[in-house]
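The values are calculated or read from the model by the stated rules, or taken from the named source; none is laboratory data. Computed from a prediction, not measured in an experiment: that's the story for all the values here. With ideal geometry, Cβ positions are generated from the backbone for all residues, glycine too; neighbour counts draw on all protein chains shown. Surface areas here come from the heavy atoms of the whole protein model, side chains and all, with no ligands, DNA or RNA. Shrake-Rupley method; radii C 1.70, N 1.55, O 1.52, S 1.80 Å.
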Amino acid sequence: MISAISWVPKGIAKVIPAEVDPPTKEEIDEILRSGTLNRREDSDNENDGEMDVDGAAKGVAYEAAAKVKQPRSGTSFGIMKKCTLVDAAKGVADEISQALAAAEALGRKQPGSSTSFGTKDMTDALKELDMENYDEEDDGIEIFSTAIGDRYYPSNAMDPYLKKDDEDEDDDEEIEDMTIKPSDAIIVCARTDDEVSQLQVCVLEESEDGELNFYSHHDIILSALPLCTARIDWDINGGGKGNYIAVGTLDLAIEIWDLNLIDEIQPFLALGGVAKKKKKTAKYKKGGSHTDSVLGLDWNKKLKYLASASADKSVKVWDFETEKCRTTVNHHTDKVQAVAWNAHSPNFFLSGSFDRSVILVDERNPSRVCTKSIVTADVECLAWNPHDQHSCLVSLEDGTVQGFDVRVASSDPAAARLEPTFTLQAHDKPVTSISYCPTAPKLLATGSTDKMVKLWDLSNNQPSCVASKNLKAGAVFSTSFSEDCPFLLAVGGSKGDLQIWDTLTENEVARRFGKYSYRKPPPHE
């Protein structure tokens with residue numbers, strides 16, 4: 001399944017991403033000792049902080065721990081919400097410890113034998129080799145010999161028996177395959193297939209005749225099932241615009257991955273999470289960490305803060321300068337599913353919860369609730385209108401989408417209920433994703449577990465459906481318009497196949513919004 005989608009603006013990615021060297025034996029040992037690959041509730045199966053796994057078995061343990069992480073996609077993820085995914089996957093940690101135990105067993109000798117072969121087997125093997133006459137050479141032609149009697153070649157290039165490939169041609173093809181042109185768009189999918197979770201980095205290219213082609217460029221293996229993502233554009237390394245992505249998973253830590261690296265096995269940075277005390281087996285939560293799964297993320301481009309919503313009923317604001325939690329907000333009484341910064345007023349963010357409330361908070365005064373709205377069902381998604389700083393949308397589990405104007409309650413901060421400007425019965429099942437078109441005001445996309453994706457005209461607060469399509473993505477979990485490619489909508493769902501919908505090919509969309517097809521998104525800086 002695809003649980004989240006993020007677009008990377010054109011020209012941000014490196015033309016040829018750097019390949020990371022394979023981990024050394026010491027690095028693998030440290031990963032196994034730190035518990036990075038099996039963070040959740042496996043301390044009962046450990047006698048100390050180190051694992052007694054040796055040689056090749058450690059590689060097996062590493063592979064097993066990387067693969068046995070999540071339930072198979074055959075489970076009913078397609079009709080679950082993120083919080084249900086959390087509950088469904090909690091039992092998977094036991095599989096990790098079992099895999100590691102099996103790998104450990106592979107590194108041990110078989111009971112009852114001091115060697116891999118019995119004494120009789122070894123004697124027979126030596127007799128067959130006839131080692132006493134090993135140095136006696138037979139007369140005649142020496143097979144695999146040169147004219148000067150050499151029995152080996154200093155390099156493969158000198159060996160006439162090895163077929164020589166056109167290395168230059170292979171290198172050129174490899175470079176071409178890895179090259180990301182400035183005109184290419186990039187889509188990052190958080191996906192889970194069978195037991196493996198990963199970030200799939202896809203390249204979308206447009207040919208001269210306008211045909212679209214997208215392909216998988218490289219993958220990043222994750223240690224836990226991903227629930228949400230947020231692209232990070234901050235220059236963390238001091239080398240220009242950054243190309244990072246934050247991932248919220250079933251684990252407590254928020255992982256930050258560098259998309260310009262290939263074959264990386266550990267995140268560039270982890271915010272919060274669980275660590276082990278030195279020389280002790282006890283685990284503890286890092287300062288400021290969430291205490292349950294991370295369900296929602298949003299990046300503040302102006303302030304360079306990351307907001308996270310969690311099943312622990314809190315919202316946290318993270319400062320990348322200090323790599324620590326800046327603020328914790330505890331206004332909700334149930335799991336917080338979504339969080340969204342206001343791009344026009346960057347100090348304000350919305351949070352939506354399963355307590356059926358939406359709260360507006362100023363991060364400079366987080367103890368105070370600016371406005372609050374009571375909604376009719378659990379909150380699924382939040383979105384600020386990129387064309388109107390006062391307008392926002394909330395999608396709900398009951399299939400409705402509600403619009404709000406935050407100015408309505410500004411004259412009465414004590415009001416418990418912020419009345420919606422409209423209520424739209426958009427789908428028959430939960431509306432799991434909403435996305436504004438960044439170039440066309442009033443154009444909205446919604447996705448639902450009813451497998452449908454719909455396009456809406458929100459003019460005059462009277463939404464009307466202008467297009468509807470089943471894109472064969474299964475239950476839809478994520479929809480996202482591109483900022484660089486007007487009207488291109490990426491869709492992901494339970495089937496795990498990324499779908500791209502050129503919404504401008506719909507007649508009614510072209511008629512109502514075609515004039516915005518070459519307009520740039522509004523600036524928020």
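Taking the 1.4 Å solvent-accessible surface of region 238-388 as the whole, the part contributed by carbon and sulfur is 45%. Note on exposure: Arg511, Arg407 ranked by accessible area (1.4 Å probe, complete protein assembly) read Arg511, Arg407, with the most exposed listed first.
Compared with the direct C-alpha span, the chain from Asp194 to Ile374 gains 61.0 nm at full extension, assuming 0.36 nm per residue. The residues Met1, Met178, sorted by heavy-atom accessible surface at 1.4 Å with ligands and nucleic acids left out, run Met178, Met1 from largest to smallest.
For the pair Ser464 and Gln425 in one chain, pulling the backbone fully straight at 0.36 nm per residue adds 13.0 nm over the alpha carbon distance. Note on Asp263: accessible area is roughly 90 Å² with a 1.4 Å probe, heavy atoms of protein only. For the set Thr179, Thr421, Thr333, Thr449, the ranking by accessible area, highest first and with no ligand, DNA or RNA atoms included, is Thr333, Thr421, Thr179, Thr449 under a 1.4 Å probe. Placing pseudo-labels 7 Å out from each Cα toward the beta carbon at Asp263 and Ile221 gives an inter-label distance of 1.3 nm. Annotation: Val339 carries an accessible surface of approximately 10 Å², with a 1.4 Å probe and no ligand, DNA or RNA atoms counted.
Amide hydrogen proximity for Ile16: with H placed 1.01 Å from N in the peptide plane, the residues at 5 or more positions away or on another chain lying under 5 Å are Ile180.
In the calculated pair-distance distribution of region 329-466, the portion above 20 angstrom amounts to 42 percent of the Cα-Cα pairs.
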